[in-house]
Ligand SMILES: [Mg+2]
């Protein structure tokens, strides 16, 4: 079978959108070390790396600084996009956060948390989330360092929750959220309560800006491991599906131009990127 090659398809206009936790970052220790050669290759080839994560803008900005990445990102599962100042000349709206401008799509965090509290008061359901926890508890639930946990608490658009009730009530919880125009998304570690937004829609928002900037079609590669990556994986020209720590792959409704990585986390990420871009 002929191998599709995203790079050869369009050398200057390839963009990689990637999930972080469980994909570019190890599920347990959050290291990206095993992906380093592929990250270097993207940098050498001038291919933008766009993180797309359930993480907050503050967390992704810190990550971008850590790996010296100066490209836009998708935060809180598509609740918003962050763009470095001056990156797209016409992208000036939105709030400022460090050297970035943030555009948000969803309802504000306080509204989401208020809605969750009133559901819990009314039904006595057992669940807890970031709004219930201090920094120490966030550290305990996520394994993040203190600095990282503080950044994770700077939420704008989504609330990660741990469900501690049974699966029948989880269905009812999901239904009640829908009535409030909220959506429950499953990530690697938490359930996320958010507006009806997803990574795929946010990816499209950024692609519109990129298309305007480049003036020609763009080839996209998306990498992910969880249901919250599905919209992005379906939309991309090339999809890399990273297995979870038990080796299981997310099922998606496409079978062309998909690479099922053989290893979880950053090792699988490197394999997938090299598969399509070498
Ligand atoms: Mg993930």
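See the values below:
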| read-out | value |
| --- | --- |
| Estimated FRET transfer efficiency (residue 140, residue 90; beta-carbon r; R0 30 Å; 0.05) | 0.10 |
| Cα radius of gyration and Dmax for region 185-278 (Å) | 13.9, 43 |
| Residue with peak Gaussian network fluctuation, the chain [Cα springs, cutoff 10 Å], from 162, 102, 246 | 246 |
| Pairwise centroid distance, computed over Cα atoms, of region 210-230 with region 8-78, Å | 12 |
| Footprinting exposure proxy for 118, 53 (fewest neighbouring C-beta atoms within 10 Å first) | 118, 53 |
| Pair residue 117, residue 45: separation of 7 Å Cα→Cβ label points (nm) | 4.9 |
| Per-residue Cβ neighbour rank within 10 angstrom, fewest leading, 113, 161 | 113, 161 |
| Selected from 20, 184, 170 as most flexible by GNM, with the chain as the system and alpha-carbon contacts under 10 Å | 170 |
| Label-point separation in nm, residue 252 to residue 162, each point 7 Å along Cα→Cβ | 2.9 |
| Overall form of region 37-108 per C-alpha gyration tensor (a/c, 1.5; a/b vs b/c) | prolate |
| Debye intensity ratio in log₁₀ form over the Cα atoms of region 121-278, taken at each q of 0.14 Å⁻¹ | -0.90 |
| Percentage relative contact order, the chain, counting C-alpha pairs under 8 Å, at least six apart | 24 |
| Isotropic mean projected area of the C-alpha convex hull, region 109-195 (nm²) | 5.3 |
| Normalised contact order of region 109-195, rounded percent, pairs of Cα under 8 Å and 6 or more residues apart | 30 |
| Value of D in µm² per second that Stokes-Einstein yields for region 54-160, Kirkwood Rh from Cα pairs, at 20 °C (1.002 mPa s) | 144 |
| GNM flexibility winner over the chain from 239, 168, 148 (Cα, springs under 10 Å) | 168 |
| Whole-angstrom gap from region 235-253 to region 92-147, using each part's C-alpha centre | 27 |
| Sorted largest first, extent of the chain alpha carbons per principal axis (Å) | 57, 42, 35 |
| Helical contribution to [θ] at 222 nm, DSSP H n ≥ 4, -39,500 (n - 2.57), averaged over the chain, rounded to 500 | -11000 deg cm²/dmol |
| With Cα atoms, 0 to 90° folded angle of helix 265-277 axis to the chain main axis | 40 |
| Ascending count of other beta-carbon atoms within 10 Å, so fewest first, for 135, 220, 142 | 135, 142, 220 |
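No value in this document is a laboratory result; all are computed from the given coordinates. Because the structure is a prediction, the values reported are computed rather than measured. With ideal geometry, Cβ positions are generated from the backbone for all residues, glycine too; neighbour counts draw on all protein chains shown.
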